[in-house]
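Engineer: Following this message is one structure expressed as structure tokens.
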Number of protein chains: 2
Amino acid sequence: MAKGEKRTFVPGRVGVVGLGLMGGSFAKAAHQGGQEVYAWNRTRSTLELAMIDTIDGELTEEVVGTCELIILAGYPQVSVDWMRDMEGLISPGALVIDTVGVKRVICDKCFEIAAQHDWTFVGCHPMAGTQYSGYAHSRANMFHGAPMVVVAPDDADDFERADVLERLKALLAPCGFGSFTLASADFHDQQIAYTSQLAHVVSNAYVKSPAAQMHKGFSAGSYKDLTRVARLNAPMWTELFLDNADYLSREIGTIIDNLKAYKDALDSHDAQRLEELLAEGDRLKKEAEKR
Amino acid sequence: MAKGEKRTFVPGRVGVVGLGLMGGSFAKAAHQGGQEVYAWNRTRSTLELAMIDTIDGELTEEVVGTCELIILAGYPQVSVDWMRDMEGLISPGALVIDTVGVKRVICDKCFEIAAQHDWTFVGCHPMAGTQYSGYAHSRANMFHGAPMVVVAPDDADDFERADVLERLKALLAPCGFGSFTLASADFHDQQIAYTSQLAHVVSNAYVKSPAAQMHKGFSAGSYKDLTRVARLNAPMWTELFLDNADYLSREIGTIIDNLKAYKDALDSHDAQRLEELLAEGDRLKKEAEKR
């Protein structure tokens, strides 16, 4: 096939762009589920490692047009750049998703690109991961039971949204996601600033007390839980945080204000106020779990 | 035996004061380990429940003098009050420990009381627990593998400290603690302000964002970990926090200052500074785990 020549996708064939923790896990799950998988990766050695037992070959320009599902699993900018480079090669009717942890910046650009073609882009954010990164930590069961957030094109009607969701569920069946939630990019970014990004910031800040270096013998589950995600890929999270700076900054401000209230109650030895603050948190956590 | 008459303890017999999460777990472990267990509890129904399959009887004034080990497992003030009421009834040579999460206020008072008698008080803090409280959640394996912090009397020499530690290890063998760490009350309180108390404050503050009530479908492990200990027994923690207000306030101040640094970097879109802050936390967490 000559470069740039289009053809129809092979049903079920998957292309994965970027074999990190997320891309590697998608590739392994798809392979285990019997799908054909082709991948692109910046570092050649990882690609060669994956060729041994996970992927069927390299996601070259010639192969792009044969994929029914293309998963952009690199850093935000790398994902957008790859899509822009390949936009003309993707098969009509194909589904392209990303896996980036912020959705406004990605979806704005990708919906615009996709609108010029007869294939569909859908923003995705799998709510799974570990504190480790890289292909070596990826695994086929990474998404098992995890929620998947899906951002459909702004101009899609309810019927189209339901349709694309069903197709996505079928193509990603080997991943075993626990739920699929449709959301706007804006609502996703607000929620993720809180549930994921703030958690990483707080955990990362938590270990900066001098006491952290003397915790052995004095710590149990609560310390372990609070500091688990202090380990992180700094360049990647920097990009994700800056792409969601408004909402993340607001959440950090909220928790700082709330923490100050406990500090004030302690400093003034105000037992009643302190107990009210603690009981309020206890109640809100209980309510949050009920919803 | 007439009230107030002293006699020598029955070797291995355990008295537990307060059948909450901690006291209940000590009682269950001791019972499973073949020790005789007597208990006191403010609420009679819990005591009666424990009598069915865990304790051998009520820790009455008559029984106090027959215990080799007495575990004070109530709220701080309740523990000190019980010891003051019973100080004359405790057997010579007996070992009395508490399980309270702060050590300066408890140890100051209890060392002073014990110094008037020929039995020994040792401050203890088992580094274990759950976000739930009460006898219903207690279990025999609660302390399995957990660290135990031990505060020996200030005037004890190294030989006496080692001796009391060995005896404590033997008497608590059924609990299966993973380690015993000798510390001063002051060092304990500094560390615990960070590893446990701050974790509860941060977690409790974390759920106060409005986003907490919409987290379903948008959250994964990091949210779950950060908010696990948001559920807490507000009156109990209020007392523990106020008894350690100086050190806890300092730790809250530290994390507020550190959180502000990320917020400032975000607000000024300073990528280099943000990445430095994140890399610093990643490095400090790695170092803390190596120690």
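The values are calculated or read from the model by the stated rules, or taken from the named source; none is laboratory data. Values in this document were obtained by computation on a predicted structure and should not be read as measured data. FYI the Cβ positions are ideal-geometry reconstructions off the backbone, even for glycines, and counts take in every protein chain you see.
Engineer: Any residue at all in the stretch B:162-173 that is within 19 Å of A:ALA211 (Cα to Cα) and within 14 Å of chain A (Cβ to nearest Cβ)? Lay out the reasoning, then the answer.
Structural biologist: Residues of the stretch B:162-173 within 19 Å of A:ALA211 (Cα to Cα): none.
Looking through the stretch B:162-173, none of the residues is within 19 Å of A:ALA211 (Cα to Cα) and within 14 Å of chain A (Cβ to nearest Cβ).
Engineer: Looking at A:SER203 and the list (1) under 15 Å from the mean Cα position of the chain (by Cα); (2) hydroxyl-bearing (Ser, Thr, Tyr); (3) buried (at least 18 other Cβ atoms within 10 Å of the Cβ), which single condition is not satisfied?
Structural biologist: It is condition (1) that A:SER203 fails.
Engineer: Would you call A:ARG231 more than 7 Å from chain B (Cβ to nearest Cβ) and surrounded by 15 or more Cβ atoms within 10 Å (Cβ to Cβ)? Lay out the reasoning, then the answer.
Structural biologist: Working: more than 7 Å from chain B (Cβ to nearest Cβ): no; surrounded by 15 or more Cβ atoms within 10 Å (Cβ to Cβ): yes.
Here the answer is no, as A:ARG231 does not meet what is asked.
Engineer: Now for a different question. Given the criteria over 21 Å from A:GLU166 (Cβ atoms) and touching a Lys or Arg at 6+ places or on another chain (Cβ under 6 Å), does A:GLY65 qualify?
Structural biologist: Against the criterion (over 21 Å from A:GLU166 (Cβ atoms) and touching a Lys or Arg at 6+ places or on another chain (Cβ under 6 Å)), A:GLY65 qualifies.
Engineer: Hey, any hits in the stretch B:235-248 for a residue that's in contact with a Lys or Arg (Cβ under 7 Å, 6 or more places away or on another chain) and either in a helix (DSSP H, G or I) or assigned by TED's automatic domain parsing to the domain that holds B:ASP108 (or both)?
Structural biologist: Scanning the stretch B:235-248, I find no residue that is in contact with a Lys or Arg (Cβ under 7 Å, 6 or more places away or on another chain) and either in a helix (DSSP H, G or I) or assigned by TED's automatic domain parsing to the domain that holds B:ASP108 (or both), so the answer is no.
Engineer: Assuming B:SER222 fulfils every condition listed in (1) at pLDDT 95 or above; (2) part of a helix (DSSP H, G or I) apart from one, which condition is it?
Structural biologist: Answer for B:SER222: the failing condition is (1).
Engineer: Looking only at the stretch A:192-215, count every residue that is out of contact with any Ser or Thr (no Cβ under 8 Å at 6 or more places or on another chain) and facing another protein chain (nearest Cβ under 7 Å) and tell me the total.
Structural biologist: Summing the residues that are out of contact with any Ser or Thr (no Cβ under 8 Å at 6 or more places or on another chain) and facing another protein chain (nearest Cβ under 7 Å) in the stretch A:192-215 gives 7.
Engineer: Conditions: (1) within 31 Å of the chain's Cα centre (by Cα); (2) more than 7 Å from chain B (Cβ to nearest Cβ); (3) small (Gly, Ala, Ser). A:ALA245 meets all but one. Number of the miss?
Structural biologist: (2)
Engineer: So, one more: So the check is Cβ under 9 Å with 6+ separation or different chains; which pairs have a first residue in the stretch B:262-282 that's under 15 Å from A:LEU232 (Cβ atoms) and within 7 Å of another protein chain (Cβ to nearest Cβ) and a second one that's surrounded by fewer than 15 Cβ atoms within 10 Å (Cβ to Cβ) and modelled with pLDDT under 95?
Structural biologist: The qualifying pairs are B:GLU275/A:PRO235; B:LEU278/A:PRO235; B:ALA279/A:PRO235.
Engineer: Could you identify the single residue in B:THR195, B:THR254, B:THR238 that is more than 19 Å from A:ASN204 (Cα to Cα) and either surrounded by fewer than 22 Cβ atoms within 10 Å (Cβ to Cβ) or within 16 Å of the chain's Cα centre (by Cα) (or both)? Steps first, please.
Structural biologist: On the way: B:THR195 fails: more than 19 Å from A:ASN204 (Cα to Cα); B:THR254 fails: more than 19 Å from A:ASN204 (Cα to Cα).
Exactly one of B:THR195, B:THR254, B:THR238 is more than 19 Å from A:ASN204 (Cα to Cα) and either surrounded by fewer than 22 Cβ atoms within 10 Å (Cβ to Cβ) or within 16 Å of the chain's Cα centre (by Cα) (or both), namely B:THR238.
Residues are listed down the side, and each one gets a yes or a no for (1) without any contact (Cβ under 8 Å) to a residue 40 or more places away in the chain; (2) buried (at least 17 other Cβ atoms within 10 Å of the Cβ):
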| residue | (1), (2) |
| --- | --- |
| B:ASP81 | yes, no |
| B:ASP108 | no, no |
| B:PHE111 | no, yes |
| B:MET127 | no, yes |
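Engineer: Related question: Please go through the stretch A:109-135 and pick out each residue that is in contact with a Ser or Thr (Cβ under 9 Å, 6 or more places away or on another chain), small (Gly, Ala, Ser) and away from every other protein chain (no Cβ under 11 Å).
Structural biologist: If the condition is that a residue be in contact with a Ser or Thr (Cβ under 9 Å, 6 or more places away or on another chain), small (Gly, Ala, Ser) and away from every other protein chain (no Cβ under 11 Å), then A:ALA114, A:GLY134 are the ones that fit.
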